[in-house]
Amino acid sequence: MKGIFQTDNYLICSETAAMELAQKEQAVILAISDSHGKTETLQFILEEFASKCDMIAFCGDGASDMILNLELARKNRKFAKNFPAVTAIVQGNGDDNLFPVNFSHSLMPKKKADSELFIPKIISAKVAGKNILLTHGNSFGVYYGISNLEQYATQENADLVLFGHTHIANRTDTATATFINPGSCSLPRQGLPPSFALIKIPGDNEKVTCTFYEIKVSLSQGILFEPFSPVMRHW
């Protein structure tokens, strides 16, 4: 990763990579949210899972953590191998919207390589034929339910909506879309463990599948990742 590219709709990738992701028959998304300064925790997740994915979706509140890992990948070839071709980062209520990076673009003169990465509040993208909507959720009042977010998703013809903010891992299927909150990888709530999600888009008209992973720390084994069901773990 010699530099960082950003498309017109704010995906961090080349235009070619975005087009290829849209046209894939199947795809896997690594959804993470609310790292709140836990850059190393995010790094451990990426080292273990990102190479198995087609896209990383970071749902806000920790955008700087994600960007620090992108910069690490730019400098470290071994770590760079963990990154899929497409990354999406949205702004949480605790995030800035501009970050200085080594920014590469075919239309940008080399003397302007050091620039700023813009982190939007909402990203819409096509992944394996599905319309994906990524947002933090605070602008839609997700603490009080997803009705406002559902209304917006319907307006945008979204098939899959990824969001954070509540720090509560959850999946909700409506008549029109699937809503997934991967939880917080650092500060979970309601008795849930630190978590993230691996989402598979099978293609055709099949529903997406989602596996939530909890993050465990063992003195003998280090950091472990184990599948869990949020429904079974709430207080």
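Would you be able to say whether some residue in region 148-156 is open to solvent by less than 60 Å² (accessible area, probe 1.4 Å), under 24 Å from L11 (Cβ atoms), outside any helix (DSSP H, G or I) and at pLDDT 95 or above? Checked against the condition, which is being open to solvent by less than 60 Å² (accessible area, probe 1.4 Å), under 24 Å from L11 (Cβ atoms), outside any helix (DSSP H, G or I) and at pLDDT 95 or above, region 148-156 yields no hits at all.
Here's the yes/no breakdown for (1) modelled with pLDDT of 95 or more; (2) in a helix (DSSP H, G or I); (3) open to solvent by less than 70 Å² (accessible area, probe 1.4 Å); (4) in contact with a Lys or Arg (Cβ under 6 Å, 6 or more places away or on another chain):
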{"residue": "A158", "(1), (2), (3), (4)": "yes, no, yes, no"}
{"residue": "I180", "(1), (2), (3), (4)": "yes, no, yes, yes"}
{"residue": "S184", "(1), (2), (3), (4)": "yes, no, yes, no"}
{"residue": "G191", "(1), (2), (3), (4)": "no, no, yes, no"}
{"residue": "A197", "(1), (2), (3), (4)": "yes, no, yes, no"}
{"residue": "E206", "(1), (2), (3), (4)": "no, no, no, no"}
{"residue": "C210", "(1), (2), (3), (4)": "yes, no, yes, yes"}
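Screening region 14-52 for residues that are in a loop (DSSP other than H, G, I, E, B) and open to solvent by 10 Å² or more (accessible area, probe 1.4 Å) and picking the one that is modelled with the lowest pLDDT gives S14. Among the candidates S139, S106, the residue that is at pLDDT below 95 and open to solvent by 10 Å² or more (accessible area, probe 1.4 Å) is uniquely S106.
If you check L46, L42, L11 for being free of Cβ contacts under 8 Å to residues at least 60 places away in the same chain and closer than 26 Å to F179 by Cβ, only one passes: L46.
The values are calculated or read from the model by the stated rules, or taken from the named source; none is laboratory data. Worth saying up front: this structure is predicted, and the values here are computed from it rather than measured. Positions of Cβ are generated from backbone atoms using ideal geometry, with glycine treated the same way; all protein chains shown enter the neighbour counts. Just so you know, the surface numbers come from the protein's heavy atoms only, side chains and all, with ligands and any DNA or RNA stripped out. Shrake-Rupley method; radii C 1.70, N 1.55, O 1.52, S 1.80 Å.
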